[in-house]
């Protein structure tokens, strides 16, 4: 990933402590950073939610021109006052040493009972840089959607996942009508909207 840096964009870590440790972690950090007008800031205290790094894959069938989206209960959406089920792409937290491609294939089987072929890297983003360290590598995965769909997920992890195959045009319409409430899914579908013709040419 290309990184653009401007003068004086420097950071000094002054201190760090763990303030919560559960399935996820919250760290309290103390920083100084460079100022654009020159000099250094005072010491800043920031709490950071540390949930690991993630990867996501949007399954796409270039022959049928169909995508696969999923829905499952999300506590964060509920607590934010939104509908607790949103359209998403297949995703998960990376295990130590696992590549985004490996995760994409593993989660596609677990969440959607779907095999993924060739993948194309779309984006690699910090999900919420103001207060969360999580990054997400977003991939497009070639899939055969002929027999896709149903309800899947690991019962041991409390997953109850609706898997829906839909024509690209339908997903694009949902995107245009602001019916996709999940940021990673929005990014994936927007990328596909921009690159769909070249992807279909590559995967014909």
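The values are calculated or read from the model by the stated rules, or taken from the named source; none is laboratory data. This one's a predicted model, so the numbers in the text were calculated from it and none came from an experiment. Positions of Cβ are backbone-derived with ideal geometry, glycine not excepted, and every protein chain shown enters the neighbour counts.
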Discussion item. Under 15 Å from the mean Cα position of the chain (by Cα) and in the same structural domain as residue 185 (by TED's automatic domain parsing): is that true of residue 86 in this structure?
Written reply: yes
Worksheet item: Among (1) in the same structural domain as residue 154 (by TED's automatic domain parsing); (2) out of contact with any helix residue (DSSP H, G or I) (no Cβ under 6 Å at 6 or more places or on another chain); (3) in contact (Cβ under 8 Å) with a residue 40 or more places away in the chain, which single condition is residue 46 missing?
Response: (1)
Item to complete: With the condition kept exactly as written, say whether any residue in region 142-162 is closer than 21 Å to residue 178 by Cα and either in contact (Cβ under 8 Å) with a residue 12 or more places away in the chain or surrounded by 15 or more Cβ atoms within 10 Å (Cβ to Cβ) (or both).
Response: yes
Worksheet item: Does residue 82 count as in contact (Cβ under 8 Å) with a residue 24 or more places away in the chain and under 20 Å from residue 182 (Cα atoms)?
Response: yes
Fill in: Those residues of region 40-58 which are part of a loop (DSSP other than H, G, I, E, B) and surrounded by 11 or more Cβ atoms within 10 Å (Cβ to Cβ), in sequence order
41, 43, 51, 52, 53
Worksheet entry | Matching entry among 157, 134 (being within 20 Å of residue 74 (Cα to Cα) and within 17 Å of the chain's Cα centre (by Cα)) | 134
Practice prompt. Check residue 97 against each of (1) without any contact (Cβ under 8 Å) to a residue 60 or more places away in the chain; (2) out of contact with any helix residue (DSSP H, G or I) (no Cβ under 8 Å at 6 or more places or on another chain); (3) buried (at least 17 other Cβ atoms within 10 Å of the Cβ) and name the one condition it does not meet.
Written response: (3)
Worksheet entry | Odd one out for residue 83 among (1) farther than 26 Å from residue 47 by Cβ; (2) loosely packed, with under 14 Cβ neighbours inside 10 Å; (3) in contact with a strand residue (DSSP E or B) (Cβ under 9 Å, 6 or more places away or on another chain) | (3)
Worksheet, complete the sentence: Going through region 12-29 in order, the residues found to be under 18 Å from residue 129 (Cβ atoms) and surrounded by 11 or more Cβ atoms within 10 Å (Cβ to Cβ) are 16, 24, 25, 26, 27, 28, 29
Fill in: Residues that are in contact (Cβ under 8 Å) with a residue 40 or more places away in the chain and touching a helix residue (DSSP H, G or I) at 6+ places or on another chain (Cβ under 9 Å), drawn from region 163-180
163, 166, 168, 171, 174, 179, 180
Practice prompt. Determine, yes or no, whether residue 61 is at pLDDT 95 or above, touching a strand residue (DSSP E or B) at 6+ places or on another chain (Cβ under 7 Å) and either loosely packed, with under 14 Cβ neighbours inside 10 Å or assigned by TED's automatic domain parsing to the domain that holds residue 151 (or both).
Written response: no
Worksheet, complete the sentence: Within region 163-181, the count of residues that are in a helix (DSSP H, G or I) and surrounded by 12 or more Cβ atoms within 10 Å (Cβ to Cβ) comes to 7
Practice prompt. Tell me, please, whether a residue that is more than 17 Å from residue 87 (Cα to Cα) and at pLDDT below 95 can be found in region 181-197.
Written response: no
Practice prompt. Can you tell me which residue among 184, 138 is assigned to a helix (DSSP H, G or I) and within 19 Å of residue 103 (Cα to Cα)?
Written response: 184
